[in-house]
Amino acid sequence: MTIGSRNKKKKGPAFTPKVITNEVVIVEVNVEPIELYKILKIENLVEGGGEAKVRIANGEVMLNGLIETRKRKKVYNDDEVEYLGQIMKVKVI
C-alpha cells in the first residue's frame, strides 16, 4: 500500500548558482539569533545545510560587509548577509 510518493531529484552539479541580483531581500525569522547557515537554507540558495556550511567555510558568504567563515555565527535583526551577489536583510517578526 502506498501512502505517499516522493519525486527523486536528479543529481546535477554540486553547485548551481541561483539568481544574482543587487536588490535587498528581506528574510523574516521568528527567532533571534539565528545561525548563518540557516539563512542560506531559508532562502533556498543552497541544496542543504551541509552545502551551506561548506560555502561559508570557503569564504563565499559575507556578513555585514565582511567575509564570514564561521558556520554557526549568530545573525541578529538588521544584519545583512550576502551570497552570490544576493543581499539579504534579516528581520525578526
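The values are calculated or read from the model by the stated rules, or taken from the named source; none is laboratory data. The structure displayed is predicted, hence computed values, not measured ones. Methodologically, a virtual Cβ is constructed for each residue, glycine included, from the backbone with ideal geometry; neighbour enumeration extends over all protein chains shown.
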Please go through region 70-93 and give me each residue that is at positive phi and either without any contact (Cβ under 8 Å) to a residue 24 or more places away in the chain or among the hydroxyl-bearing types (Ser, Thr, Tyr) (or both), ordered by number. Asp78
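Yes/no matrix, rows are residues, columns are (1) surrounded by 11 or more Cβ atoms within 10 Å (Cβ to Cβ); (2) in a loop (DSSP other than H, G, I, E, B); (3) modelled with pLDDT under 90:
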site	(1), (2), (3)
Ile20	no, yes, yes
Glu28	no, no, yes
Val31	no, yes, yes
Lys38	yes, no, no
Ala52	yes, no, no
Arg55	yes, no, no
Met62	yes, no, no
